[in-house]
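**Q** To start, I am sharing the structure in question, which I have written as C-alpha cells.
The values are calculated or read from the model by the stated rules, or taken from the named source; none is laboratory data. All values reported here derive from a predicted model rather than from experimental measurement. Backbone-built Cβ (ideal geometry, glycine too); neighbour counts: all protein chains shown.
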Amino acid sequence: MNIENKIATRQSYGEALAELGEKKENVIVLDADLSSATKTNIFAKKFPNRFINVGIAEQNMMGIAAGLSTYGKIPYVSTFAVFAAGRAYDQIRTSICYPNLNVKICATHAGITVGEDGATHQMLEDISLMRTLPNMTVISPSDDTQTKWVIEEISKIKSPVYVRLARPATPVIYEENQKFEIGKGIQHGNGTDATIFATGVTVSEALKAQEELKNKNINVRVVDIFSIKPIDKELIIKCAKETKRIITVEDHSIIGGLGSAICEVLSEEYPTKVERMGIKDTFGKSGKADELLKYFKIDKNAIVERVLQ
Amino acid sequence: MKITKVEALENIANEIRISIIEEVYNAQSGHPGGSLSCSDILAVLYFNQMNIDPKRPDAKERDRFVLSKGHCSPALYATLAERGYFSKELLKDFRKLESNLQGHPDINKVPGVDMTTGSLGQGLSAAVGMAIGSKMESAGCRVYCLVGDGEIEEGQIWEAAMAASKNKLDNLCVILDHNGLQIDGKVEDVGGLTDIKEKFASFGFNVIEVDGHNIENLIYAFDSAKQKKEVPSVIIANTIKGKGVSFMENEASWHGKAPNEEQYKQAITELKLKHFAN
C-alpha cells in the first residue's frame, strides 16, 4: 500500500463504469441529479443515450431501473448512500430484490467520511439495511483497484447488487494483478496477536495500524471483508482459531454492519469474543473526513490503541 | 385473438367478476372492491387491445401490463386465466400456501405477470422503465399501467408521471381506476386529492376521461391513446367500486373483505343473471 497514492472509490467507480460501457452495450446508468458527485458524469459524457438523469427522485429511479432490467438492460443506479439504501429502501425491497431483478445500486458518500455535510448525509445503516434483503449481494470495496474489479464483476451476476462507495480519496491498497473473488476476504499478514476485520475506508486505516504495531512487536493480521454478503465464513472462523483477539472496524453503525456480520458467523460456528469498533448507535456530525475518523475512533490511532489495551 | 364484439367483451368482464368472487371467497381473504371496478378495463386490454400471446408470455415484443394497485390481483389472475395463461382451476388456490397466486402479483411465479407489485405507488415507475426500455430496443411495445385513485396519493406516482412526460413516452398508457373510494373512505376526504384531470394534464399527459364500465368507450379511449405522439396518455376511467355486486357497490368496507357463504351465493347469482341477460 502506498499511502501517498490516493483515489476516492467513487472516482474509481466512475472510471470503471465508463470502461464497462464500452464492453457492454446493455449497461445503462441512472442518476438522481448527483452525477458530478457520484462520478457517473464520466459515463454520461461518453454515452449520453445510455444515461438517464431522473432528477431528484430516488424512489422513481429504483423503479425505472427495475423496469429497464426486464428488457435485458443492466442498470447501474447511483446516488448518495443515504438516498439509495435509506430513502428508497422499500423500492429496492419490493421492486428490485423481491422480483430478483438485475439492478446494480452503486451508492457513493457512505459513512461519516462524507464530512462537512453532516448527519443527514452520512449513511451509517446501509450495510445493515441492504444485507438483510433476500437476493441482494453487498459489496464494500476498500480501494481503487478493487472497486474497478467489482464494477465489472457484478455485471456478470444476474441479480441485485449493492456497492458501497466513499467520498474521500483513500490509499490504493492493491496491485493491478491482485486476484479478487466475491465471497472471499483478503488476508494481509499472518500475525496471531489479533485479527482486524475491516471494510471500505477502514481497511487502509487498519493496514496503517498494522505497520505501527509491528514496530512495537505486536503482530496483527488485517482482513479486508469487501464482500459483506456473501461473507467469507471459512476465513473468519480460521482467523478466530488462529489469533488471540478479534476486532472489527467500520465506518458504519456497529449495529447490523460488518461487526454484526462477523458476530453472526462466529456465534454460530466458533463462539469467540468480538470487539466492535464503529459508530456506536449515534448519528454523525459535520467536520473533515479525517477529523471524523478520529472523533469516532475508527482511524489508525484508535485501532492501535484498541489493540494495545 | 382480438375480440371486437362489445357483448362478447362484456361477457368476458362478467366472467372475470365471477372468478374474482370465487377467488376471494375461497381464500376468505383478498380485495374484491377494486378488483370488480377494473374488470371491464382488463377485459378490453387483454382481449381487444394488447399485443400478447399466452403461449409466449416472455416474448420480447409483447405489450406489457403493470398492475400498480397490486392488491387487485384477483382481477389480474382471473383475466390471465380467462385469456389462457394458466388453468382457471388454479384460481381456487389464490392466497393459499404452495399456490403461485400470491396475495400480490409476483413476476417470477405467474406467467403473464409483467411486474411484481403490492407496495402502492411503485408500479408506474417500473412501467416508465419498461417504456424507456422498449424505446431503446426499438421493440415497439406499448406499456399499460393500472393505478388506483387512492394510490395516486403516493408521491412516487408523480415522480414517475414527470419522468414519463420528460422522456416523451407515447408508448405508455396509464389507466386510473377512479372509483372514488379507498380503505378509510372517500379519496377526496382521506387524502384530499382533487382535480385529477388537471393534475395529469399539468404533468404533460394526454388526458382521456371515460366511463370505465363502458366497453365501447374504453376501446375508443385506448385506440385514441395509441394515436397520440410524443406524450404519455392517461385514461381516467370513472368506475364504481364493487361494480356488478349490488351490496358491494360504492361501499368502502368491501375494499379488502371476503364474502360469507350467503353473500357469496348472492353475488354469484347476481353476476350469472347479468351474463344471461347478455
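**Q** When you look at B:Glu216, is it loosely packed, with under 15 Cβ neighbours inside 10 Å and part of a loop (DSSP other than H, G, I, E, B), yes or no?
**A** On the way: loosely packed, with under 15 Cβ neighbours inside 10 Å: yes; part of a loop (DSSP other than H, G, I, E, B): no.
No; evaluated as a whole, the condition is false for this residue.
For every residue, the table says whether it meets (1) within 13 Å of the chain's Cα centre (by Cα); (2) crowded, with 18+ Cβ neighbours inside 10 Å; (3) not assigned by TED's automatic domain parsing to the domain that holds A:Ser253.
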{"site": "A:Asp126", "(1), (2), (3)": "yes, yes, yes"}
{"site": "A:Tyr162", "(1), (2), (3)": "yes, yes, yes"}
{"site": "A:Asn177", "(1), (2), (3)": "no, no, yes"}
{"site": "A:Asn190", "(1), (2), (3)": "no, no, no"}
{"site": "A:Thr195", "(1), (2), (3)": "no, yes, no"}
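**Q** Of everything in the range B:221-245, what is more than 19 Å from B:Cys141 (Cα to Cα) and more than 17 Å from the chain's Cα centre (by Cα)? Give them in sequence order. Even if it seems obvious, please write down each step before you answer.
**A** Within the range B:221-245, the subset more than 19 Å from B:Cys141 (Cα to Cα) is B:236-245.
The one that is more than 19 Å from B:Cys141 (Cα to Cα) and more than 17 Å from the chain's Cα centre (by Cα): B:Val245.
**Q** Scan the range A:56-70 and give yes if some residue there is assigned by TED's automatic domain parsing to the domain that holds A:Arg164, in contact with a Phe, Trp or Tyr (Cβ under 6 Å, 6 or more places away or on another chain), more than 15 Å from B:Glu137 (Cα to Cα) and touching a residue at least 12 places away in the same chain (Cβ under 8 Å), otherwise no. Before the answer, list the steps.
**A** As a first pass, look at the range A:56-70 and keep what is assigned by TED's automatic domain parsing to the domain that holds A:Arg164: A:56-70.
Okay, now just the ones that are also in contact with a Phe, Trp or Tyr (Cβ under 6 Å, 6 or more places away or on another chain), so A:58.
Narrowing the set further to residues that are more than 15 Å from B:Glu137 (Cα to Cα) leaves A:58.
Those left that are additionally touching a residue at least 12 places away in the same chain (Cβ under 8 Å): A:58.
The answer is yes, given that some residue of the range A:56-70 is assigned by TED's automatic domain parsing to the domain that holds A:Arg164, in contact with a Phe, Trp or Tyr (Cβ under 6 Å, 6 or more places away or on another chain), more than 15 Å from B:Glu137 (Cα to Cα) and touching a residue at least 12 places away in the same chain (Cβ under 8 Å).
**Q** Mind checking whether some residue in the range B:186-201 is part of a loop (DSSP other than H, G, I, E, B), modelled with pLDDT of 95 or more and either at negative phi or among the small types (Gly, Ala, Ser) (or both)?
**A** Within the range B:186-201, not a single residue is part of a loop (DSSP other than H, G, I, E, B), modelled with pLDDT of 95 or more and either at negative phi or among the small types (Gly, Ala, Ser) (or both).
**Q** What is the one condition in (1) in contact with an Asp or Glu (Cβ under 9 Å, 6 or more places away or on another chain); (2) within 17 Å of A:Leu129 (Cβ to Cβ); (3) more than 8 Å from chain B (Cβ to nearest Cβ) that A:Gln91 does not satisfy?
**A** (3)
**Q** Has the range B:166-176 got at least one residue that is in a strand (DSSP E or B), in contact with a Ser or Thr (Cβ under 8 Å, 6 or more places away or on another chain), within 14 Å of another protein chain (Cβ to nearest Cβ) and within 21 Å of A:Ala32 (Cβ to Cβ)?
**A** Filtering the range B:166-176 down to residues in a strand (DSSP E or B) leaves B:172-176.
Retained after the next criterion (residues that are in contact with a Ser or Thr (Cβ under 8 Å, 6 or more places away or on another chain)): B:172-174.
Checking which are within 14 Å of another protein chain (Cβ to nearest Cβ) leaves us with B:172, B:174.
Next, only the ones that are within 21 Å of A:Ala32 (Cβ to Cβ) stay: B:172.
Yes, there is a match, as at least one residue in the range B:166-176 is in a strand (DSSP E or B), in contact with a Ser or Thr (Cβ under 8 Å, 6 or more places away or on another chain), within 14 Å of another protein chain (Cβ to nearest Cβ) and within 21 Å of A:Ala32 (Cβ to Cβ).
**Q** Related question: What number of residues within the range A:26-67 satisfy the criterion of being within 10 Å of another protein chain (Cβ to nearest Cβ), over 28 Å from A:His121 (Cα atoms) and of a type in the set (A, V, I, L, M, F, W, C)?
**A** So the answer is 0.
**Q** Report, by residue number, each residue of the range A:188-227 that is assigned to a strand (DSSP E or B) and of a type in the set (A, V, I, L, M, F, W, C).
**A** Just the residues of the range A:188-227 that are assigned to a strand (DSSP E or B), to begin with: A:188, A:194-198, A:220-224, A:227.
Listed by number, the residues that qualify are A:Ala194, A:Ile196, A:Phe197, A:Ala198, A:Val220, A:Val222, A:Val223.
**Q** Hey, another quick one. Scanning for something modelled with pLDDT of 95 or more, farther than 20 Å from B:Ala43 by Cβ, facing chain A (nearest Cβ under 8 Å) and buried (at least 20 other Cβ atoms within 10 Å of the Cβ), does the range B:135-150 turn up at least one residue?
**A** Scanning the range B:135-150 turns up no residue that is modelled with pLDDT of 95 or more, farther than 20 Å from B:Ala43 by Cβ, facing chain A (nearest Cβ under 8 Å) and buried (at least 20 other Cβ atoms within 10 Å of the Cβ).
**Q** Another one. Of all residues being in contact (Cβ under 8 Å) with a residue 40 or more places away in the chain and hydrophobic (A, V, I, L, M, F, W, C) in the range B:177-190, which is farthest from the other protein chains (Cβ to nearest Cβ)? Just the residue, please. First the steps, then the outcome.
**A** So in the range B:177-190, the residues in contact (Cβ under 8 Å) with a residue 40 or more places away in the chain come out as B:177-186, B:190.
If we keep only those that are hydrophobic (A, V, I, L, M, F, W, C) as well, we get B:181, B:183, B:190.
Numbers: B:Leu181: 24, B:Ile183: 19, B:Val190: 21 Å.
Once the filter is applied, the top-ranked residue is B:Leu181.
**Q** Identify the residue in the range A:99-112 that is facing chain B (nearest Cβ under 9 Å) and buried (at least 22 other Cβ atoms within 10 Å of the Cβ) and, among all such residues, is nearest to A:Thr170 (Cα to Cα). Full working, then the answer.
**A** Filtering the range A:99-112 for residues facing chain B (nearest Cβ under 9 Å) gives A:99-101.
Pick out the ones that are also buried (at least 22 other Cβ atoms within 10 Å of the Cβ) and you get A:99, A:101.
On the way: A:Pro99: 36, A:Leu101: 32 Å.
Only one residue tops the list, namely A:Leu101.
**Q** So in the range B:83-120, with the set limited to residues that are of a type in the set (Val, Ile, Thr) and more than 25 Å from B:Met1 (Cβ to Cβ), which one is nearest to the other protein chains (Cβ to nearest Cβ)?
**A** Taking the range B:83-120 first, the residues of a type in the set (Val, Ile, Thr) are B:107, B:110, B:113, B:116-117.
The next check asks that each one be more than 25 Å from B:Met1 (Cβ to Cβ); those that pass are B:116-117.
Details: B:Thr116: 4, B:Thr117: 8 Å.
Among those that are of a type in the set (Val, Ile, Thr) and more than 25 Å from B:Met1 (Cβ to Cβ), it is B:Thr116.
**Q** Another question, then. Could you list, in sequence order, the residues of the range B:115-131 that are in contact with a Leu (Cβ under 6 Å, 6 or more places away or on another chain) and without any contact (Cβ under 8 Å) to a residue 40 or more places away in the chain?
**A** B:Gly129
**Q** Of (1) within 14 Å of another protein chain (Cβ to nearest Cβ); (2) out of contact with any Leu (no Cβ under 8 Å at 6 or more places or on another chain); (3) of a type outside the set (Gly, Ala, Ser); (4) surrounded by fewer than 22 Cβ atoms within 10 Å (Cβ to Cβ), B:Glu154 satisfies all except one. Which?
**A** (2)
**Q** Let me ask another. A:Tyr76 is checked against (1) closer than 30 Å to A:Gln187 by Cα; (2) away from chain B (no Cβ under 14 Å) and fails just one. What number does that condition carry?
**A** Failing condition for A:Tyr76: (2).
**Q** Answer yes if at least one residue in the range B:259-272 is part of a loop (DSSP other than H, G, I, E, B) and within 30 Å of B:Ser202 (Cβ to Cβ), and no otherwise. Can you show your working first?
**A** To start, the set of residues in the range B:259-272 that are part of a loop (DSSP other than H, G, I, E, B) comprises B:259-260.
So of that shortlist, the ones also within 30 Å of B:Ser202 (Cβ to Cβ) come out as none.
No, there is no match, as no residue in the range B:259-272 is part of a loop (DSSP other than H, G, I, E, B) and within 30 Å of B:Ser202 (Cβ to Cβ).
**Q** Oh, and also: Return the residues of the range B:227-271 that are surrounded by fewer than 14 Cβ atoms within 10 Å (Cβ to Cβ) and of a type in the set (Lys, Arg); say none if nothing qualifies.
**A** B:Lys229, B:Lys265
**Q** Would you check if there is a residue in the range A:142-158 being under 24 Å from A:Thr38 (Cβ atoms), in the same structural domain as A:Ala18 (by TED's automatic domain parsing) and in contact with a Gly (Cβ under 9 Å, 6 or more places away or on another chain)?
**A** Taking the range A:142-158 first, the residues under 24 Å from A:Thr38 (Cβ atoms) are A:142-158.
When the remaining residues are screened for being in the same structural domain as A:Ala18 (by TED's automatic domain parsing), the result is A:142-158.
The next check asks that each one be in contact with a Gly (Cβ under 9 Å, 6 or more places away or on another chain); those that pass are A:142.
Yes.
**Q** A further question on this structure: Do you know which residues across the range B:50-66 are within 13 Å of chain A (Cβ to nearest Cβ) and farther than 11 Å from B:Gly112 by Cα?
**A** Hits for the range B:50-66 are B:Lys60, B:Glu61.
**Q** Now for a separate question. Do we have B:Lys186 as charged (D, E, K, R) and under 25 Å from B:Glu61 (Cβ atoms) here? Before the answer, list the steps.
**A** On the way: charged (D, E, K, R): yes; under 25 Å from B:Glu61 (Cβ atoms): no.
Criteria not met by B:Lys186.
**Q** Scan the range A:71-98 and report the pairs whose first residue is without any contact (Cβ under 8 Å) to a residue 60 or more places away in the chain and whose second residue is assigned to a helix (DSSP H, G or I) and surrounded by fewer than 22 Cβ atoms within 10 Å (Cβ to Cβ), with Cβ atoms within less than 7 Å and a gap of 6+ or a chain change.
**A** These pairs meet every condition: A:Tyr71/B:Glu137; A:Phe80/A:His121; A:Val82/A:His121; A:Tyr89/A:Leu129.
**Q** Filter the range A:65-87 down to the residues that are within 16 Å of the chain's Cα centre (by Cα) and either more than 9 Å from A:Val29 (Cα to Cα) or surrounded by fewer than 24 Cβ atoms within 10 Å (Cβ to Cβ) (or both) and list them by number. Please lay out each step first, then the result.
**A** The first filter runs over the range A:65-87 and keeps only residues within 16 Å of the chain's Cα centre (by Cα), leaving A:76-86.
Passing the criteria: A:Thr79, A:Phe80, A:Ala81, A:Val82, A:Phe83, A:Ala84, A:Ala85, A:Gly86.
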